[in-house]
Amino acid sequence: MTPESITHRRILKAAIPIILSNATVPILGAVDTGVIGQLGAAAPIGAVGIGAIILSSLYWVFGFLRMGTTGLVAQAVGAGNRVEASALLMRGLIVGGVAGLALVALQLPLFWLAFKIAPASAEVESLAQTYLAVRIWSAPAAIGIYAITGWLIGQERMRAVLVLQLVMNLSNIGLDLWFVLGLDWGVPGVAFATVLAEMAGLSLGLYLCRDAFSGRAWRDRARIFDRLRIKRMLVVNGDIMVRSVLLLAAFQAFLFTAAGLGDEALAANQVLMQFMNITAYALDGFAFAVEALVGAALGAGALAALRRAVLLCAIWSLIGALLLSFGFWVFGPWLIDVMSTHEGVRDAARQYLIWMVLAPLVGFASWFLDGVFIGATATRAMRIAMLQSTLIYAVALVVLVPLWGNHGLWLAMLVLFAARAITLAWHYPAIELAAASQALRPLPTASATDA
């Protein structure tokens, strides 16, 4: 891998399909809500909403499978070890399958606990239980798709990821319309549509990964269950999970703090959080691109290529952040009016819109550097940096919110973004050192016995 092989065209080729893929996610959620809303009652909408949140939270616990797989596969490919790349897919699918079956087996206590934490009316809970009882059966497929997506990204096959997401989401939408509006299945119809779409996604994903099944590696039980490689995978994924839990806790603290600032401030923040989601979906494209490129460069021990990948992806992330900030500044008031008809909420959201203009500019480095560290599987440093950033954020909340209210809350969020970027940047030189010395290479290059 040479520096000349890292081009602007290559980065955009990797990033744009991910951005388009991410854009389909909120569309599916809107269709789910719109279709069930045609039933003319509030309870079905609430049931589908709370059911989807419960399952998303359970599946999110295994989201590390996507990120961990990407970094390990990219390094294996960079090292020329295609055999290990195939074995990594099998390990990920096994973890996904076992995790999904565990959720199926434990569904009753898990759902009981979920409703104890977030109780709803008897009608909503009854409908949500019906929804969950159907959707849980696709848990192995839903979690297995994390591994498939990570495997494809690790090989820079972003168009395949786009195809996978489009097929899943479009089939889900089509089945939604058929089952709910055509067959009048109601809430179970939405659940069945998602189950079939996720199973179709798993089938398509396995087809897209068919290269991994062309040799003997996927049947090599000794390699797949190699203790050292499994330990490496567990360490990487464990660090990512801890980092993700801390990040989720930070956002939950933001929401809980906002709840104490009044209904209008809370509602305004919920509207503005959609701007944050747009930012994350857009900038994720460049983060995913740098994951694959950094992993491959590190696997090949190519320091110059790694530096160029980091530099060019940083430039494009900054360009994306500037465009987002400009768009929020110009079109933000109009977007607020689209998302809310309540004049008090609209006025409050406009008052805090400046923070959405600043958020991409302050936050792009943290999203981008996450991708660098995931590609390098420098997950211990990620975990430490996230812990440091969370502590800084906690101090910011305690100091700034009493001083400036909701403005202080948003400023604390930007402090979190800045702290994440600074702490990750502090650890970055170790990644370059690893590329130079190949000290962090977790896997050997393919040998004659691997072929």
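The values are calculated or read from the model by the stated rules, or taken from the named source; none is laboratory data. Everything numeric here is computed off the predicted structure, so don't read it as measured data. When we count neighbours, we look across all protein chains shown, and the Cβ atoms used for this are built from the backbone with ideal geometry, even at glycine. For the accessible areas, the whole protein counts, side chains as well, though only heavy atoms, and no ligand, DNA or RNA atoms are used. Shrake-Rupley method; radii C 1.70, N 1.55, O 1.52, S 1.80 Å.
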Between A105 and L248, what is the FRET efficiency for a Förster distance of 22 Å, r being their Cβ-Cβ separation, to the nearest 0.05?
0.35
Test item: Cα-centred dipole of the range 264-417, Lys/Arg +1 and Asp/Glu -1 on Cβ, debye:
520 debye
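Place the peptides 243-252, 73-82 in order of packing, highest mean first, counting for every residue the other Cβ atoms within 10 Å and averaging per peptide. Please report the intermediate quantities before stating the final value.
Values: 243-252: 16.2, 73-82: 24.5.
In descending order of packing, they fall as 73-82, 243-252.
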Peptide ranges 115-123, 51-59, 324-332 listed from the most packed, as the mean C-beta count within 10 angstrom indicates:
51-59, 324-332, 115-123
Length added when fully stretched, S203-K13, from 0.36 nm per residue minus Cα-Cα:
65.9 nm
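Please work out the average accessible area per residue across the range 271-373, using the 1.4 Å probe convention, and give it in Å².
On the way: 3820 Å² over 103 residues.
Per residue, the range 271-373 has 37 Å² of solvent-accessible surface.
Give me the dipole magnitude in Debye, nearest 20, for the range 62-158 about the Cα centre, with unit charges on the beta carbon: positive for Lys and Arg, negative for Asp and Glu.
Details: 6 positive and 4 negative charges, 40 e Å.
Approximately 200 debye in magnitude.
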What spacing in nm lies between the two simple spin-label points modelled at S5 and K231, each 7 Å away from Cα in the Cβ direction?
3.1 nm
Å² per residue, accessible surface of the range 134-259 at 1.4 Å:
46 Å²
Dipole magnitude of the chain about its Cα centre (Cβ charges: Lys, Arg +1; Asp, Glu -1), debye to nearest 20
1700 debye
Ellipticity estimate at 222 nm from DSSP helix runs (n ≥ 4, -39,500 (n - 2.57)) divided over the chain, nearest 500:
-29000 deg cm²/dmol
For F213 and W426, extending 7 Å from Cα along the Cα-Cβ vector and measuring point to point gives, in nm, a value of 4.7 nm
If amide hydrogens are placed 1.01 Å from N in the peptide plane, which non-local residues have theirs closer than 5 Å to the one on F62?
none
Taking a label point 7 Å from the Cα of A42 along Cα-to-Cβ, the residues of the range 129-172 whose backbone nitrogen sits under 19 Å from it are 129
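Applying a 10 Å radius around every beta-carbon, put 128-136, 401-409 in order of their mean neighbour count, most first. Show your work: numbers first, answer last.
Details: 128-136: 21.0, 401-409: 15.9.
Peptide ranking by packing, descending: 128-136, 401-409.
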